[in-house]
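To start, the structure under review is shown below, and the notes come after it.
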C-alpha cells in the first residue's frame, strides 16, 4: 500500500506483528498530515523478512514487537500497550476481576504463532514462562482476529493487547487484567545503523512523539470489562 503525491519523495515502511495497535493509526495520520509530499509505501512482512529487507535496502524503516538489535540495525522502543487476558464469556475465570496467572494457566490458551508473530510470541512467552514452561496450548494463531474468534468459541483464553480484546466484546470475549501484573507489549522502531535520511529521522521522531502521547492516554485502559 502506498500514499502518493506528484513529485513526492518516498518512505518505505515495513510492519511485522506490530500493525494491529492503535498508535500505528495515529502515527500514519500524523505522517500524512505533516508530510503530504512524502510518499509512504507500507508493507507487511514476517520479522525475518522485515529484517532482511531493512538490511538490504528494500525498506527504510520498520515497526516490530521484537527489539533484538542485530548487526547493522538499531531497535528503539517507541510505545507500549497493556496486555490482558481475553476470556470466553462463560468461563469460570470470570469470577475474578483480576485473574491470577497461575489460575489462568490451568485452562487451555490460544497462543501466538512463533513464526508469523515472532515478537509478540516472545514477549508473551516470557510472561507465561515465569509460571510454567508448558502451558496448555489449544491453538496457535497468526492474527488477533482468529485468536478472538477462538476465544469466543470457548477454545481457551488468550493474552493480547487490551485494546484489541475490548473491540471483540460483541463477539463474546471479555477482557480481564492479570492479578498483580501489568504486562505491556513493547513496539520497536527498526532502522539501519547507517546514517538515516531526513525523512526517516523525522518519521522516527514522529513515532516517539505518538508513543509519548499514547502513554498519557492509557490510564484505566486495563480496567476489567463489566460482566
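Meeting the requirement of 3 or more residues that are in the same structural domain as residue 25 (by the TED database) and surrounded by fewer than 22 Cβ atoms within 10 Å (Cβ to Cβ), the helices (runs of 4 or more DSSP H) wholly within segment 109-223 are 198-216.
Kindly check whether there is at least one residue in segment 172-192 that is out of contact with any strand residue (DSSP E or B) (no Cβ under 9 Å at 6 or more places or on another chain) and free of Cβ contacts under 8 Å to residues at least 12 places away in the same chain. Within segment 172-192, not a single residue is out of contact with any strand residue (DSSP E or B) (no Cβ under 9 Å at 6 or more places or on another chain) and free of Cβ contacts under 8 Å to residues at least 12 places away in the same chain.
Considering the conditions (1) modelled with pLDDT under 95; (2) touching a strand residue (DSSP E or B) at 6+ places or on another chain (Cβ under 8 Å), residue 98 is excluded by exactly one of them, (1). Residues of segment 196-217 that are at pLDDT below 90 and closer than 15 Å to residue 54 by Cα: 196, 197.
When 94, 63 are checked against the criterion of being in contact with a helix residue (DSSP H, G or I) (Cβ under 8 Å, 6 or more places away or on another chain) and crowded, with 16+ Cβ neighbours inside 10 Å, a single residue qualifies: 63. When 106, 126, 122 are checked against the criterion of being free of Cβ contacts under 8 Å to residues at least 60 places away in the same chain and within 19 Å of residue 174 (Cβ to Cβ), a single residue qualifies: 106. The condition (being farther than 17 Å from residue 203 by Cα and part of a loop (DSSP other than H, G, I, E, B)) is satisfied by just one residue among 80, 70: 70. Per the conditions (1) closer than 28 Å to residue 141 by Cβ; (2) crowded, with 20+ Cβ neighbours inside 10 Å, the sole criterion not satisfied by residue 31 is (1). Within the option set 40, 58, 93, 85, being more than 25 Å from residue 111 (Cβ to Cβ) and at pLDDT 95 or above holds for one residue only, 58.
The values are calculated or read from the model by the stated rules, or taken from the named source; none is laboratory data. Worth saying up front: this structure is predicted, and the values here are computed from it rather than measured. Methodologically, a virtual Cβ is constructed for each residue, glycine included, from the backbone with ideal geometry; neighbour enumeration extends over all protein chains shown.
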